[in-house]
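The values are calculated or read from the model by the stated rules, or taken from the named source; none is laboratory data. Please read all numbers here as calculations on a predicted model, not as lab measurements. Cβ: placed from backbone, ideal geometry, glycine included. Neighbour counts: every protein chain shown. Please note that ligands, DNA and RNA were not included when accessible areas were found on the heavy atoms of the full protein model with its side chains. Shrake-Rupley method; radii C 1.70, N 1.55, O 1.52, S 1.80 Å.
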Amino acid sequence: MFLDFEKQVAEFEGKIEELRHISGDGDTNIATEITKLQIKAERQLKTIYEKLSPWQKVQVARHPNRPHFKEVIKSLFSDFINLAGDRSYGEDKAINAGLARFRNQSVMIIGTEKGNTTQERLETNFGMAMPEGYRKAKRLMEMADRFNLPILTFIDTAGAYPGIGAEERGQAEAIARSIETSLSVNVPIVAVILGEGGSGGAVALATADKVLMLEHSIYSVISPEGCASILWRSSENATNAANALRLTAQDLYSLNIIDSIIKEPLGAAHRDHQTTMTTLGDAIESSLKDLLSNRTKNFRENRRKKFIAMTDNKLI
Amino acid sequence: MNWITNSVLPKIKALVQPREVPENFWTKCPGCGEMIFHRQLEDNLQVCTSCGYHFKLNAKARLKSLFDKDTLTLIELEKQLNSDPLKFRDIKKYSDRLREARTRTSQDDAIVIAEGELNGLEMVAAVFSFEFMGGSMGIAVGNAILKAAELAVSKKAPLIIFPSSGGARMQEGILSLMQLPRTVIATQMVKEAGLPLIVVLTNPTTGGVTASFAMLGDIHIAEPGAIIGFAGQRVITETIREKLPEGFQCAEHLLDHGMVDMVVSRLQIKEKLSSILSILMIPQINK
């Protein structure tokens with residue numbers, strides 16, 4: 001799937017595909033032509049992705065082929081043991097969590113999941129969690145604290161689910177408790193925004209010692225469409241809202257809200273999952289090492305200090 | 001100068017100053033349709049005298065209704081160096097919206113904090129102003145709540161928060177979202193000092209405010225009919241494409257679903273807080 005601003009790349013790749021189809025083995029002329037076209041396509045991709053507008057980033061962050069949490073689990077963790085349920089009402093598949101081993105370190109991992117197939121998307125509610133999901137997260141963060149396991153969270157959600165049942169079962173309270181627990185545990189927490197970091201439903205899992213963002217991911221108080229429909233009174237102004245909200249990884253880094261940006265391969269994560277996973281793993285490892293090297297082990301206190309100082313005028 | 005003082009200045013003043021409420025000002029109650037005289041409404045804390053419908057009450061009047069006479073001290077809030085860090089602009093500039101709200105409410109932002117006594121018991125209160133940009137929570141509000149918590153801890157007094165807010169302030173983008181963890185820290189400070197945190201949910205309390213400190217009180221009191229929830233009703237209807245049940249997200253609905261401890265009329269809130277605090281605080285004071 002190509003995004004609307006990738007038309008030229010799509011044309012090059014279409015031609016390459018055509019040539020491959022008609023060429024037999026050892027047809028050197030066609031092979032050179034293909035190489036030429038590939039170079040052109042790559043150059044085009046590079047130009048486009050070097051200067052994506054905020055609204056284009058929103059589209060990339062929501063790309064259906066972007067690597068999801070499920071893939072992160074498979075690529076970066078061994079011995080994953082899925083843990084289910086909030087012990088009071090149900091199991092929410094929009095948030096996956098469990099014990100795992102990350103490069104020889106035992107960890108607790110928690111992440112939102114959008115799903116890849118239609119069935120998965122329905123099961124995970126397109127990555128929009130219910131209160132049960134946040135309550136499961138809270139339960140497992142507390143468990144991690146008891147067993148001294150670092151917590152790694154992965155966020156890719158448009159936001160917490162806005163529905164009747166979710167409201168009646170205390171969506172707001174569940175998010176507030178998840179934030180509260182994140183600020184109570186005394187183990188390191190590293191959060192990664194993989195794609196969309198949507199509002200309260202995202203910060204519920206991103207109140208962390210280190211917050212990392214993939215290069216083309218976004219993190220915002222409201223979706224650009226939602227913001228446009230409230231402030232501009234028309235969702236057609238989503239592009240303007242995306243500019244105004246300052247929601248790109250680069251903006252958030254310059255505002256001192258996040259700690260680092262993880263580089264994505266040429267043409268973004270959805271074009272090369274393997275490279276993305278390697279870079280992601282290395283970034284997490286280095287953040288975790290950094291935190292664990294702190295001798296005082298005062299994770300909770302430092303995390304609170306970090307958030308109290310955050311948005312202090314002197315820093316922005 | 002005469003011309004300026006006599007003619008120009010009064011005109012400017014007339015533009016800037018809020019107009020006096022005319023004596024014949026009557027309000028139609030959305031609850032029962034009765035016409036109520038504005039003085040009567042004011043004397044009754046903006047609660048309809050015939051059906052008990054709760055109109056919005058501004059922060060100053062709220063504070064006056066809670067504290068014992070002459071014990072109320074407003075706490076000055078630190079001025080921000082830069083109140084529009086993102087230089088946000090929609091169809092209007094955020095800095096213009098702020099200026100207008102400041103002129104209209106003569107408040108610096110959407111919250112007022114105060115200390116004083118309630119039936120002789122010391123307390124710290126933080127009250128939102130819905131009339132200031134929908135009571136939305138940005139950096140200034142986050143700072144104020146942290147300050148109120150620090151004050152409560154240093155005075156060993158309970159903290160009572162009266163939210164009335166649409167949620168996070170969009171014009172401060174991600175910086176407003178960061179007020180969720182920040183205000184949660186404020187609740188932890190109060191609780192860890194062994195002090196009560198009481199939240200009085202007033203109409204409306206939604207979005208990022210509900211998803212942070214407002215749902216973390218030791219005790220949740222809601223005013224009758226107040227809308228309290230995470231998502232706005234329009235967003236929910238657009239998502240599920242179904243009609244919402246009657247009374248959905250109303251204080252009484254939340255009571256049924258276990259999210260608040262009690263629904264209390266504004267006219268009884270002072271007495272209710274007094275009895276709660278006397279039970280919670282007197283053993284603390286004697287300790």
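Laid out as a table, the results:
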| quantity | calculated |
| --- | --- |
| Mean Cα-pair separation over length for chain B, i.e. relative contact order, pairs under 8 Å, 6 or more apart, % | 13 |
| Cα-based equivalent ellipsoid of region B:80-195: semi-axis lengths in Å, sorted from largest, via gyration tensor | 28, 16, 10 |
| Region A:179-202 and region A:269-316: distance between their alpha carbon centers, rounded to Å | 11 |
| Ranked by how many other beta carbons lie within 10 Å on average, peptides A:196-208, A:234-246, B:80-92 from highest | A:196-208, A:234-246, B:80-92 |
| Once exposed loop chymotrypsin sites (Phe, Trp or Tyr not before Pro) are cut out (DSSP; at most 15 other Cβ, 10 Å), longest piece of chain A | A:148-316 |
| Residue among B:Gly52, B:Gly135, B:Gly167 with the largest mean-square fluctuation in a Gaussian network model of chain B, springs linking Cα atoms under 10 Å | B:Gly52 |
| Tensor-based shape of chain B (alpha-carbon gyration tensor, a/c under 1.5 rounded, otherwise prolate or oblate) | rounded |
| Sparse-neighbour loop sites [GluC sites (Glu not before Pro); region B:195-253; at most 13 other C-beta within 10 Å; DSSP] | B:Glu242, B:Glu246 |
| Sequence-separation-based contact order of region A:158-316, relative, with Cα cut under 8 Å and 6+ spacing, percent | 23 |
| Ranked order, A:Ile308, B:Ile139 - accessible area, probe 1.4 Å, largest first | A:Ile308, B:Ile139 |
| Rg in Å to one decimal, and Dmax rounded to a whole Å, for region A:1-152 via C-alpha atoms | 21.7, 67 |
| Cβ-defined net charge surrounding A:Ser178, 9 Å radius [Lys, Arg +1; Asp, Glu -1] | +2 |
| Top of A:Ser217, A:Ser23, A:Ser53 by mean-square fluctuation, Gaussian network on chain A, Cα under 10 Å | A:Ser23 |
| Rounded to the nearest 10 Å², the accessible area of A:Met1 at probe 1.4 Å | 130 |
| Compactness relative to 2.2 N^0.38 Å, alpha carbon Rg of the protein assembly as shown | 1.07 |
| Per-bin percent of Cα-Cα distances, region A:104-147 [10 Å] | 26, 40, 27, 7 |
| Calculated on alpha-carbon atoms, Rg and Dmax of chain A in Å | 20.9, 67 |
| Accessible area, probe 1.4 Å, largest first, for residues B:Cys250, B:Cys51, A:Cys227 | B:Cys51, B:Cys250, A:Cys227 |
| Of the trypsin sites (Lys or Arg not before Pro) in region A:70-124, those whose Cβ has at most 15 other Cβ within 10 Å and which sit in DSSP loop | A:Arg87, A:Arg103 |
| FRET E, pair A:Lys51, B:His257, Förster distance 41 Å, beta-carbon r, rounded to 0.05 | 0.25 |
| Sparse-neighbour loop sites [trypsin sites (Lys or Arg not before Pro); region B:223-276; at most 14 other C-beta within 10 Å; DSSP] | B:Arg241, B:Lys243 |
| Cβ neighbours within 10 Å from other chains - mean over A:221-231 | 5 |
| Accessible surface, the protein assembly as shown, averaged per residue in Å² (probe 1.4 Å) | 45 |
| Choice from A:Asp290, A:Asp272, A:Asp92 showing the highest fluctuation, given a GNM over chain A with Cα pairs closer than 10 Å | A:Asp290 |
| Within 10 Å of each Cβ in A:236-248, the average number of Cβ atoms from other chains | 3 |
| 5 angstrom amide H check on A:Leu214, placed H, neighbours 5+ away | A:Ile193, A:Ile262 |
| Solvent exposure ordering (accessible area, 1.4 Å, most first) of B:Cys32, B:Cys48 | B:Cys32, B:Cys48 |
| Apportionment of accessible area to carbon and sulfur, the protein assembly as shown, percent (1.4 Å) | 51 |
| Reduction of at least 40 Å² in accessible surface, 1.4 Å probe, comparing all protein chains with the chain by itself, residues of region B:188-220 | B:Gln188, B:Glu192, B:Ala211, B:Met215, B:Leu216 |
| B:Ser50 versus A:Lys15: modelled label distance in nm, points set 7 Å from Cα along the beta carbon direction | 7.9 |
| Size of region A:147-278 as Cα extents on the principal axes (Å, biggest first) | 49, 45, 26 |
| Qualifying aspartates and glutamates (Cα of each under 20 Å from Cα of B:Lys64; at least 8 residues distant if same chain) | B:Glu42, B:Asp43, B:Glu76, B:Asp108, B:Asp109, B:Glu115, B:Glu117, B:Glu122, B:Glu131, B:Glu223, B:Glu271 |
| Area hidden from solvent between A and B (accessible, protein heavy atoms only, 1.4 Å, total, Å²) | 4200 |
